[in-house]
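Here is the structure we will look at.
Only the coordinates and a few stated rules stand behind these numbers; no lab work does. None of these values were measured; they are calculated from a predicted model. Ideal geometry is used to build each Cβ from the backbone, glycine not excepted, and the neighbour counts take in all protein chains shown.
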Amino acid sequence: MVHKCGFRALSQFPHAATLLCGGLAVVLALLGEVVLAAFALMAAGVSFLVVRHLIGLVVKANEQKYRLDQQLIQSQKLAAIGELSSGIAHEINNPLAIMGQETEWIKHLLKGDNLQAPGATDELRDSLREIVSQVERCKEITHKLLDFARKKEPLIQAADVNRLVEDMARLVEKEAAQNNIKLIRGYDKNLPRVSTDPPLLRQVVLNILNNAAYAIGRDGTITIATRQPTADSIELTFSDTGCGIPKEQLDKIFDPFFSTKPPGKGTGLGLSISHSIIVKLGGRITAASEVGKGTTFTIHLPVASPNGED
Amino acid sequence: MPLKARVLIVDDEERFRFTLKKLLTANGLETDAVGSGLEAVEALRQRPYDVILLDVKMPGMSGIEALAKLKKINPEVEVIILTGHASVDVAVEIMKLGGYEYLLKPCPMDELLAKIESAYERKTARGERLRKAEATQAGEAS
C-alpha cells in the first residue's frame, strides 16, 4: 500500500528533466534565443509526456503486483484450510471405519443362531467396548480441535517457572520411573519470576515431558534445565534420550495433525497447540533432534508479559 | 457370496485389520492381514493374492509406494485403496499406478464386498484371456 501511494504521489509531479528543460526554455527566452527556447520547451513537453507515461506503467504494474500478492495470500489460506480439513477427515474417518466394522460384526453375530456359538457374547461385548473406545478417540480429536480454535486469551500472573516445571516433572516422573526413565534437573536458582499464564505453560511442559517419555519408551533420561540467557528472557530446555525425529519430519512437528506416533496413539495436535500457546505468551519454541540420540525442545519466554500486564 | 478370492488387508490400524478380517472371512473370503507396506510386499511374494485392500497413510512405506512394488511383483493382482484420506492427487496417482478402485473410509460392508467381487471377476477374466492367448500362440507355433 505504501508503495502504491508513493507511486501515485510521484505521478502527480513532472520529472526533473521536464523541469530542467522548462527552466532552460525560460532562461533562453529571457536571453532572446527564441528558437532554442522553443526547442527546450518542446523537449520539456515530450519529456513530461514520456515520464508521465512511464510512471503510469510503473503504477499499473505495482497495482497488479499488489493484487497478485493478495490473491497469493488468499490461495495460501485456502491451501492451509484444505490441508487442515484433509487431516481432520483422515483422523475422524479411521475411527468411524472401525465403528462401522464393529457394527457390521455385531449385526453378523445377531444373525440366525450365531450368538449361540461359543465366545459369541464375549465378541459382542468386545465390539461394543471398541465402539465406545473409538467414540472417545473422536471426542478427543474434536475437543482438541476446539481447544486449538478457541481464542483463549492468556491470563497473566507472576510465576515461579522452576516450581511450575518441577510440579509437572513430578507428575510425569512417577510413571516414567516404572519404565526406568530418569529425570535430571538443572534449574537456575536465580531465575526471575516471569509474567505468564501458568496453566497454559503447565499444559505445554506436560505435553513435552509426556512426548519425551513416549519417545524413550524404556531406559533413558529426560534432562530439564532453566536459565536466563538475557535480562528480559528465560529459557527452558527439555532433552530426551529417545528415538529422535528424522530431519525431514522435524520441520513438520508443529503442524496440526502431524504425528510420529502410531494410529490412535496421538492426535497430532499436542505440539501445534503448545506452539500456539508459546506464541501467545510472547515466546518461541524450537526443536533439535538426531535419530537414535534424542530430541531437545527449547522454549524462550519473555520475563515481562507480552501485553505489559502484571 | 460364492467367492473364493484370496484377499490381503494392509492397514496400520490394528483393530481395523482384526475386524475386517473377521467380516471378510465370515463372507467366505480367504483373508490375511498385515500392518505395513513392507509386510504386504513380503506377503505377496509368499502367496498369490487376488485382491489387496491397501491403506494409503502408513508409517514407513506409504500405500502409493507399496502399490508400485506390489504391481511389480504381481501385475495381475487387483488393488483396492481403502483410505480415510481423500485427495484427488493421490487418487490420480493410484489410478496411474494401476490401482483398481479408491474407496473412502468408512465404507459400507456391502459396497466393499461388491468392489472385491468386481475386482476378483476382472482379475479372473484377465487371467483367462491371457491363458487363451497363450494357448492360441502355442497352437500356432505347433
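General observations
- Charge dipole magnitude, Cβ of K and R +1, D and E -1 - segment B:82-142, Cα centre, debye nearest 20: 140 debye
- Furthest towards positive pole of dipole, B:S118, B:Q46, B:M95, structure part chain B, Cβ charges: B:Q46
- Take the Cα of A:L49, step 7 Å toward its Cβ, do the same at B:E111, and the gap between the two points is 6.9 nm.
- Share of pairwise Cα-Cα distances greater than 16 Å in segment B:62-135 is 54 percent (whole percent).
- The value obtained for segment A:95-164, namely the Cα convex hull volume divided by the number of residues, is 118 Å³ per residue.
- Near A:A159, the amide H atoms lying under 5 Å from its own belong to A:V194, A:S195, A:T196; only residues 5 or more places off or on other chains count, and H is placed 1.01 Å from N.
- Residues whose amide H comes within less than 5 Å of that of B:E30, counting only those at least five positions distant or on another chain, are B:A5, B:V7 (H built at 1.01 Å from N in the peptide plane).
- Semi-axis lengths, Å, chain A, gyration tensor of Cα atoms, sqrt of 5 times eigenvalues: 64, 32, 16
- Per residue, the average separation of C-alpha pairs within less than 8 Å and at least 6 apart gives segment A:91-235 a relative contact order of 23 percent.
- Counting other Cβ atoms within 10 Å as a rough exposure proxy, the listed residues A:Y187, A:Y66 run A:Y66, A:Y187 from fewest neighbours to most.
- Rg/Rh for segment A:138-276 (Cα atoms only, Rh after Kirkwood) is 0.96.
- Estimated dipole of the protein assembly as shown in Debye, rounded to 20 [Cβ of Lys and Arg +1, of Asp and Glu -1, Cα centre]: 700 debye
- Cβ charges +1 (Lys, Arg) and -1 (Asp, Glu), total dipole of chain B, debye: 260 debye
- Mean Cα-pair separation over length for chain A, i.e. relative contact order, pairs under 8 Å, 6 or more apart, %: 14 percent
- Efficiency of FRET from Cβ geometry, A:E140 and B:E128, R₀ 56 Å, rounded to 0.05: 0.65
- Tail beyond 24 Å, pair distance distribution of segment B:1-104 (Cα, percent): 14 percent
- Take every pair of alpha-carbon atoms less than 8 Å apart whose residues are at least six positions apart; their mean separation over the length of chain B yields a relative contact order of 20 percent.
- In terms of surrounding Cβ atoms within a 10 Å radius of their Cβ, B:R122, B:R47 rank from fewest to most as B:R47, B:R122.
- Ranked B:E65, B:E13, criterion: other C-beta atoms within 10 Å, fewest first: B:E65, B:E13
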